[in-house]
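Working notes, structure below.
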Amino acid sequence: MKFLFNLLAVILFLLDNGVSGVGSNEMSVSVMEGESVTLYTGVQTNQQEVIKWYFNDTRIAQISGDLSDICTDVQCEDGPERFRDRLKLDHQTGSLTITHITDSGLYELKIISSKSSSDKIFSVSVTGVSAAEIDELKKNKGESITFDPPVERKPSDVMMWYFNDILIAEISVDPNKTCTDVQCEDGDGRFRDRLKLDHQTGSLIITHTRNTDSGEYKLQIIINNSSFSITRVKRFSVSVIDSGLSSGAVAGIVVAVVLLVSAVITAAVIYYRHKIYTPVQQNVSITNS
């Protein structure tokens, strides 16, 4: 009886520590090719810990708490070259960032200390191509441009809009960090009072466009999760064309055309009525005579 009790205790211990139940410590992550993903350790490193990262059972990164042992990719003894210059380790948490991701597979985290050890598995699925896609937009000077994000914004997401690599708008989790144009740290005032942000969708509208608004616009979305974050990028190439006429002139032409059409219609109606009325008058005159 005591043996069975001890066996049951061992089984419960193994289940609680995720040895038998792999699903309890496995996270599924879906990203698009070319995006960046950060896999979180959920800990703050100390001098007694060693954090190791593996991709399909091959070590690709390692960091010790005292920072005496750090390596990524080919710097590690058995690291492949597939991640060259695309891996970044956070020295405080040991979290791993893979930029321009192309590789689907199992990314395994192992945290080893003198007292205990733990592991976590990230099942990463990479699909499609996103970073290379650029939407081309052409607008006449004075018209408005609306940029729509490729995904629906969640309250935990951060969206940053750039014009030629200058931050012009940001929607943050912290309302105090939400800004447009000169309110942002890099804003130079070129879009003063011409930017509108939809805080729910993340859409950006530029009103009263100018020729100087032509260029590349980039939306950077940071999708946050408790165990990982994904950085998604969407690009827009904008050309603002000078039609040669101001919006006031165009409005004047439209009004003139409307008045001209009205005058032509009125003249046609008068002529038609006169054409019908004249023969009737002539017949009446002949009968009376």
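Laid out as a table, the results:
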read-out: Vicinal HN-Hα couplings computed from phi for the stretch 135-143 (Karplus, 6.51 cos²θ - 1.76 cosθ + 1.60; Hz; Gly/Pro x); value: 7, 9, 10, 10, 9, 7, 4, x, 7
read-out: Contact order normalised by residue count of the stretch 33-126, Cα under 8 Å, 6+ apart, percent; value: 33 percent
read-out: Pairwise FRET efficiency - GLN44 versus LYS196, Cβ, R0 = 35 Å, nearest 0.05; value: 0.30
read-out: Neighbour-limited loop hits for GluC sites (Glu not before Pro), the stretch 45-123 (at most 15 other Cβ within 10 Å; DSSP other than H, G, I, E, B); value: GLU77, GLU81
read-out: Label point distance in nm, SER116-LEU67, each placed 7 Å from Cα along Cα→Cβ; value: 2.7 nm
read-out: Dipole magnitude (debye, nearest 20) for the stretch 67-226, charges at Cβ of Lys, Arg, Asp, Glu; value: 380 debye
read-out: Spacing of the two label points (7 Å from each Cα toward its C-beta) at SER239 and ARG86, in nm; value: 3.3 nm
read-out: Ranking of CYS71, CYS179 by count of other Cβ atoms within 10 Å, fewest first; value: CYS71, CYS179
read-out: Table column - 3J(HN,Hα) (Hz), the stretch 189-200, Karplus curve with 6.51, -1.76, 1.60, x for Gly and Pro; value: x, 5, 9, 3, 6, 10, 10, 10, 10, 9, 5, 8
read-out: 28 Å Cα-Cα threshold exceeded, pairs from LYS138/LYS177; LYS110/LYS234; LYS88/LYS218; LYS88/LYS177; LYS138/LYS196; LYS115/LYS154; value: LYS138/LYS177; LYS110/LYS234; LYS115/LYS154
read-out: Distance (nanometres) between label positions extended 7 Å along Cα→Cβ at ILE270 and ARG210; value: 4.8 nm
read-out: Set of aspartates and glutamates with alpha-carbon distance to LYS120 below 14 Å, sequence-local pairs under 8 removed; value: ASP16, GLU26, ASP57, GLU108
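Each reported figure results from applying straightforward, stated rules to the coordinates on display, with no laboratory input. Because the structure is a prediction, the values reported are computed rather than measured. A quick note on method: Cβ atoms are made from the backbone with ideal geometry, for glycine too, and the neighbour counts reach across all protein chains shown.
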